[in-house]
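Asker: Quick one: structure below, then a few questions.
Values in this text are rule-based calculations from the coordinates and carry no lab data. Because the structure is a prediction, the values reported are computed rather than measured. Because the Cβ atoms are built from the backbone with ideal geometry, glycine has one as well, and the counts that use them run over all protein chains shown.
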Amino acid sequence: MSGEYDKQQWQAEQSARDTAIEKQREKERKTRERAARNARRKLERLHRTLSDKGEITDFENEFGESVVERLDKFGSAFHDREKGRPGDALSFAQKRVVAAMNKKVKELKKKPTDNNDPDKDYVRTADRCKNTDKKHGSSFKSKKKSSFTPRVRNIEDDMPPETQEPKSQDKNSETFIPEYQPAPKKPFLRLVKNEP
């Protein structure tokens, strides 16, 4: 009877493990599908924006089309698991290309495209206030720290002042070189505490 009980208990534990594994697989599958959809959507948007602006290169055009095709067909744009994480839709190298395309689109958006814009000279009031010189001083001090100035010792301060050489009457005698005499030392004061 105990053998029958052990078998039933083992079967119940095994079925619980199998359902937990199946739930985890389903969760991972949904995560992969979501990542593939997001990557596909982002890549299509970048490809479309660059095409509309006329700034897309042949490489970016071919890259975008091939990666979108692989994402639709396989749910991932790479096969070798050493090139990216298992749940990702794009490999590390593909992510770098997408990031470069995204940067290119952002730079294109920053550039002014229409020179006939009537509001091109318009400056917001807040921006005008930032750019004008302050006429009225503020009572608030800047929280910006002052620049760092290192503490440096000038060795010329320790040198004795130069004295003029006495002009000798004899032209054959050697020139007078004064000897270096260090500055007198200040007395050292030591405080000693007498303990009772």
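Asker: So how do S146, S15 line up by other beta-carbon neighbours within 10 Å, fewest first?
Answerer: Listed from fewest to most nearby Cβ atoms, that is S146, S15.
Asker: When all alpha-carbon pairs of segment 8-112 are counted, what percent fall beyond 15 Å?
Answerer: Value for segment 8-112: 68 percent of Cα pairs lie more than 15 Å apart.
Asker: Sticking with this one: Add +1 for every Lys or Arg and -1 for every Asp or Glu among the other residues with Cβ under 13 Å from the Cβ of W10, and state the total. Walk me through the intermediate numbers first.
Answerer: Details: positive: K7, R17; negative: E4, D6, E13, D18.
Result for the local shell: -2.
Asker: Among T149, T31, which comes first, then next, by fewest other beta-carbon atoms within 10 Å?
Answerer: Ascending Cβ contact count within 10 Å gives the list T149, T31.
Asker: For each of L191, L108, L90, count neighbouring Cβ atoms within 10 Å of the residue's Cβ, then give the residues from fewest to most.
Answerer: With the sparsest Cβ surroundings first, the list reads L191, L108, L90.
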